[in-house]
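Report on the structure given below.
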Amino acid sequence: MSADSPASRDVAELPSPEEVICILKKQSPTEDVYEIFSLGQGGQDGGKPSFALRRLSYARSDDGENEALQHLVDKFLINDLPVYLQPGQRRRVHVIVSTHSGTGLSTQFYNDVLAPLLKAFDLTASGEPEQGGAEQQSSYHLLITQDAESVKEFSRDLAAPDRDEKNIEHTVVLLSGDGGVIDMLNGYAPMDDADIDTDPQRQPLVAIIPLGTGNALFSSLHKIVTTPTASELVQGLRTLLHGKAAPLPSFKAVFPEGSRTITYSETSNPTSTGDDSIKAVDPTPGLGEQTEYVTHLYGVVVASYGFHSQLVWESDTPEYRKHGADRFQMVANELLGESHAYRATVEIGRSSTTAGGQIAGDETLDRDRHSYILATLVSNLQNTFCISPASQPLDGQLRLVHFGHVDGAKTMEIMMAAYNNGRHVDMRWGGTAAQGQDGNKGEDGVGYDEIDEVRITTHEEDARWRKVCIDGTIVEIPSGGRMVVSTEARRHLRVLVDGSTTYKFAS
Ligand SMILES: Nc1ncnc2c1ncn2[C@@H]1O[C@H](COP(=O)(O)OP(=O)(O)OP(=O)(O)O)[C@@H](O)[C@H]1O
């Protein structure tokens, strides 16, 4: 980080607006001095990623001609840290560095950017959650994840506070992808469900610094932010320092008896863990498959069965993991080549007539072989991959994107259209070109429905084709078993969204 001394500067030296995080006005007896914080990012052309927090001071010329500076000041001036980042007797601030998110850049980003940025506001890390002493009032609790349970355990603790901690508000800055938010939700929601009196103001406020792979929630929440353009990380820091809290919509997926999560992680003990419900099998040395019985999960992004869940699962298996970033393309090619027809019954539930005019009631999809079934609360699974173009940030409306069995080329065409601003939802096809193995020759297309609930019953015998995906977590459901995914009326967490954007559903 560079810290130049306050001095009048040529406007040409101002950082590009895309890189500006925030501007602080400094006390000076003679002139207005502005401190501009910006983010420099290197390695975007394939080199090693690097980040630099830049901190430069500028004086406004007396004749007020410095238009470029004034433009930045108008957009990015903040007076102080927002209230939700001020620790005190009634508020704790936590920063969670999720070390396995994305390509593992969270620690570097914390050290090079976030910690110095917060320090510029006199906010520093304490070793432990503060107890409210005067000396500790400007420190935050830093958690560096040690394993896949770290965030969930932290969140469970927040949901079950000691009596005298009950009225404390918590702000949680998450350096992670969607996984961090989902771990927070799945740690918090079960306890929250049991406590019907929870004051929404007491529900944790999550601020996302998008350091995952997909960052679907962050992308979708910031899709409507118009000015000025910025990288996701700059936008994350802008929202952190100039954001507003909004209730985060979620869904609940309930699984049939015998369903198990499937995860892979390094294990030194490939035999039974001793817990009846947890087994560990080790297909490759050092990387084991763990399965754990599961009854339900909460999600904020996606619940899927078919091509999407298969791709998420198979690209995470030890067999493909060893191929690094190439593994997604490899698995996609393999799956498109196989073009498996997923045998399932899909029922849709709507408790009221939707805004889009779809009639209330239940409906069973008129096909028993599928390529793609995906329910989502967000518009984008990645910055450029728009799976649900009608979804508005925070609208809480579950939407189902689905199509019957088609060949790999058609699946590819549909996926490519999603990269074109979500055009896939208008795709129709008919006759022999669309003919699937089920012999359906009528006009077909991508289904796109507003729903309250979807019930998916798999009829597959082979366990390979019985994997569903809930926000990246893979669950194997038994043959004939039914997964039920429904929107939740209750909100469990609050999320920070851009402070200068109007969110239609942010009340
Ligand atoms: N030290 C660790 N050891 C093992 N697992 C970890 C560790 N730290 C974090 N994790 C787990 O890694 C996962 C990271 O998921 P996250 O979503 O943040 O990243 P991602 O999958 O790359 O991004 P996205 O979900 O946005 O595509 C989380 O589920 C988290 O629990």
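The values are calculated or read from the model by the stated rules, or taken from the named source; none is laboratory data. Just so it is clear, the model here is predicted, and its values are computed rather than measured. Note that we place each Cβ from the backbone using ideal geometry, even for glycine, and neighbour counts take in every protein chain shown.
Here are a few things to note about the model shown:
- For segment 464-507, filtering for residues that are more than 21 Å from G299 (Cβ to Cβ) and assigned to a strand (DSSP E or B) leaves 1.
- Candidates are the residues of segment 72-91 that are over 28 Å from T227 (Cα atoms) and surrounded by fewer than 22 Cβ atoms within 10 Å (Cβ to Cβ); the one that is nearest to the ligand (Cβ to nearest atom) is R91.
- When restricted to residues that are small (G, A, S), within 16 Å of the ligand (Cβ to nearest atom) and without any contact (Cβ under 8 Å) to a residue 60 or more places away in the chain, segment 92-121 contains 1.
- Enumeration of residues in segment 7-39 that are at pLDDT 80 or above, assigned to a helix (DSSP H, G or I) and closer than 15 Å to R55 by Cβ: E19
- With respect to being within 21 Å of I168 (Cβ to Cβ) and either buried (at least 18 other Cβ atoms within 10 Å of the Cβ) or in contact with a Gly (Cβ under 7 Å, 6 or more places away or on another chain) (or both), L240 fits the description.
- Boolean, G212 is over 17 Å from R91 (Cα atoms), within 16 Å of the ligand (Cβ to nearest atom) and at pLDDT below 95: yes
- Flag if Y293 is modelled with pLDDT of 95 or more, aromatic (F, W, Y) and surrounded by 18 or more Cβ atoms within 10 Å (Cβ to Cβ): no
- Within segment 136-178, the set of residues being closer than 20 Å to A245 by Cα, within 13 Å of the ligand (Cβ to nearest atom) and part of a helix (DSSP H, G or I) comprises S155, D178.
- Which listed residue is more than 14 Å from the chain's Cα centre (by Cα), assigned by TED's automatic domain parsing to the domain that holds G102 and away from the ligand (no atom under 16 Å from the Cβ), from Q203, Q235: Q203
- Counting only strands (runs of 3 or more DSSP E) that sit completely within segment 290-394, those holding 1 or more residues that are in contact with a Phe, Trp or Tyr (Cβ under 8 Å, 6 or more places away or on another chain) and of a type in the set (S, T, Y) correspond to 296-299, 302-306, 342-350, 369-376.
- E257 meets the conditions (1) charged (D, E, K, R); (2) over 30 Å from R464 (Cβ atoms); (3) not in a helix (DSSP H, G or I) in every case but one. The failed one is (2).
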